[in-house]
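Below you'll find the structure, written out as structure tokens, and then a few comments.
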Amino acid sequence: MKTNRRTFLKTIGAAGLFTIVPRNVLGGVNHIAPSDQLTKGIIGVGGIGRSSSHFSSSEACRLTAVCDVDANHLNSAVDAAKSQLHESVKPYRDFRDLINDPNVDVVHIATPPHWHALMSIAAAKAGKDIWCEKPMTRTIGEGKAVMEAVKRYGRVFRLNTWFRFTDTFYGLGTTVKPLKKLVDSGMLGWPLKVTVSGTTGFAWKFFWVGKENLEQQAVPKELDYDMWLGPAPYKPYNVHRTHQTFRGYWDYDGGGLTDMGQHYLDPVQYLLGKDDEFPVKVEIDAPQQHPDAVGIWHKITYTYEDGCQIVLEGEGYESPGKVPYIEGPKGKVYRGFECTIPDIMNKLAELPDPEPQRTDFLECIRTRQKFALNEVNGHHSCTLVNMGAVGLRLGRRELHFNPKTQLFTDPTANQLINQPMRGEWHL
């Protein structure tokens, strides 16, 4: 029996092997033979799944399938694939059909977060590699399940937030590289405090909150609302629950905290060298939240066992005076990479660069190596936003967390780690 590239990838994935495969077996980087071309399917093509950086097709990876529970979104994506990408893609209304399509190698999940875990696990079981939008999962328990499934089935997982790589970092006028060098050098001292304030742009989606007491509306004929809800509790349809404004409801997301939080918290975990650590405490200053609709909050503080802290400043909260982004016992860094340590840039130039990160997702698939932001460090940074969401929902001023068990000391908070799913859906 002839073994093609797709069969080969699934075979080594199922065997759980992370062996580096010679490039001449899978095709080179600069030219990929048609038989070696990777293929992808996108689940969710109404928003981020239709962005130009994702809705694409190339010699390296061809778009072959799209899926959406909204017929208008689906039909529009199929038409756009034909007119813009010159591709005839297979349309699906049920994500399971796309995942089981033998002509799909990579599953790109661009749905609301309440679907991320179920789809990632299903894709892993089906032998597909996974590109997932942030936040990685809606609960801490879902994150653990995704991490375990990706490992069990030997898949390559990518979480889509780029700030730990090359993007300009939080308006500081620099990428993460010199900040990482500075932290690793010890020149700032230890422990460190990182403050994500309004000056960093974190408030961009802060007011993505829900509406209370929504009136029931007729479900549009083009939308499979039951499938859109999926594992989420049944709530009567209102247009504000779906599509772009779903972020304002606890059943599907967690407002600006969870929608933007992993963008901001993941690179901080990397900077502090805590990709394999969790905070031991979260403190929250916020009004009492509505049980359905996400509201605003003022301040969230995460504390690690060694005393390092991350502070998120929200609505109505402004630290007095000029706020440093990073501060330690020996120095501070402000917006624009203004540092209290004299001649800092020349000093950093003499230091070794951080260890290179694997940021070519397709190359990681070919070589079966972990992507730089994967299911493991992604689960750790996503746990931060979900810890905050648990505290907000319960109205807790303070919650303590055990990094070894990944449980709170508060039994009620633990009920939100593994939340029940509706109907046929389960992890």
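Report, in deg cm²/dmol and to the nearest 500, the calculated mean residue ellipticity at 222 nm for the chain, where each DSSP H run with n ≥ 4 adds -39500 (n - 2.57) and the sum is divided by the residue count.
Working: 13 runs with 125 residues, N = 427.
The helix-only estimate for the chain comes to -8500 deg cm²/dmol at 222 nm.
Electrostatic bookkeeping for Val280 treats Lys and Arg as +1 and Asp and Glu as -1; over the other residues with beta carbon under 10 Å from its beta carbon, the sum is -2. Ranked by the mean number of other Cβ atoms within 10 Å of their residues, highest first, the peptides 200-206, 140-146 fall in the order 140-146, 200-206. For Lys82, the lysines whose Cα comes closer than 22 Å to its Cα, not counting residues fewer than 8 places off in the same chain, are Lys40, Lys90.
Dipole of region 352-406, Cα-centred, from +1 at each Lys and Arg C-beta and -1 at each Asp and Glu C-beta, to the nearest 20 debye?
The dipole of region 352-406 has a size of about 340 debye.
Segment Glu318..Val239, full-extension length gain: 25.0 nm, with 0.36 nm per residue of separation and the alpha-carbon distance subtracted.
If the segment from Asp360 to Arg96 were pulled out straight at 0.36 nm per residue, it would be longer than the present Cα-Cα gap by 92.4 nm.
What is the packing order of peptides 157-167, 83-93, taking the mean over residues of other C-beta atoms within 10 Å and listing the highest first? If you can, show how the numbers build up before the last one.
Numbers: 157-167: 20.1, 83-93: 14.5.
Result, highest mean Cβ count within 10 Å first: 157-167, 83-93.
In this structure region 135-280 gives 36 Å² per residue of accessible area when probed at 1.4 Å with all protein chains present. Normalised by the number of residues in region 145-246, the average gap of Cα pairs under 8 Å and 6 or more apart makes the relative contact order 17 percent. Just one of (1) 0.94; (2) 1.02; (3) 0.97 is Rg/Rh (Cα atoms, Kirkwood Rh) calculated from these coordinates, so which is it? Computing Rg/Rh (Cα atoms, Kirkwood Rh) and matching it to (1) 0.94; (2) 1.02; (3) 0.97 gives (3).
Probe of 1.4 angstrom, ligands and nucleic acids ignored: what's the accessible area per residue over region 289-427, in square angstrom? Display every interim value, and only then the final one.
Working: 6690 Å² over 139 residues.
Value returned for region 289-427: 48 Å² of accessible area per residue.
As a quick test, which of the pairs Lys205/Lys322; Lys177/Lys322; Lys211/Lys235; Lys134/Lys299; Lys134/Lys181 have an alpha carbon distance above 18 angstrom in this structure?
On the way: Lys205/Lys322 23 Å; Lys177/Lys322 24 Å; Lys211/Lys235 13 Å; Lys134/Lys299 22 Å; Lys134/Lys181 26 Å.
Distance filter (> 18 Å) returns Lys205/Lys322; Lys177/Lys322; Lys134/Lys299; Lys134/Lys181.
Of the listed residues Ser58, Ser52, the order by accessible area with a 1.4 Å probe, largest first, is Ser52, Ser58.
Taking 18 Å as the straight-line reach from the Cα of Lys151, the lysines in range (excluding those fewer than 8 positions away in the same chain) are Lys10, Lys125, Lys128, Lys370.
At a threshold of 8 angstrom on Cα-Cα distance, excluding pairs fewer than six apart, so keeping six or more, what relative contact order does region 366-427 reach in percent?
In percent, rounded to a whole number, it is 17.
Under the convention that each Lys and Arg Cβ holds +1 and each Asp and Glu Cβ holds -1, the size of the dipole of the chain around its Cα centre is about 880 debye.
Note down the net charge around Arg368, summing +1 for each Lys or Arg and -1 for each Asp or Glu among other residues with Cβ under 10 Å from its Cβ. Don't skip to the end; give the middle numbers.
Working: positive: Arg155, Arg366, Lys370; negative: Asp129.
Within the 10 Å Cβ shell, the charges total +2.
Relative contact order of the chain, taken over Cα pairs closer than 8 Å and 6 or more residues apart, is 19 percent. Of the accessible area of the chain, computed with a 1.4 Å probe over protein heavy atoms only, carbon and sulfur atoms account for 52 percent.
The values are calculated or read from the model by the stated rules, or taken from the named source; none is laboratory data. Please read all numbers here as calculations on a predicted model, not as lab measurements. As a convention, Cβ positions derive from the backbone with ideal geometry for all residues, glycine included, and neighbour counts pool all protein chains shown. Quick note on the areas: whole protein, heavy atoms, side chains included, nothing else; ligands and nucleic acids left out. Shrake-Rupley method; radii C 1.70, N 1.55, O 1.52, S 1.80 Å.
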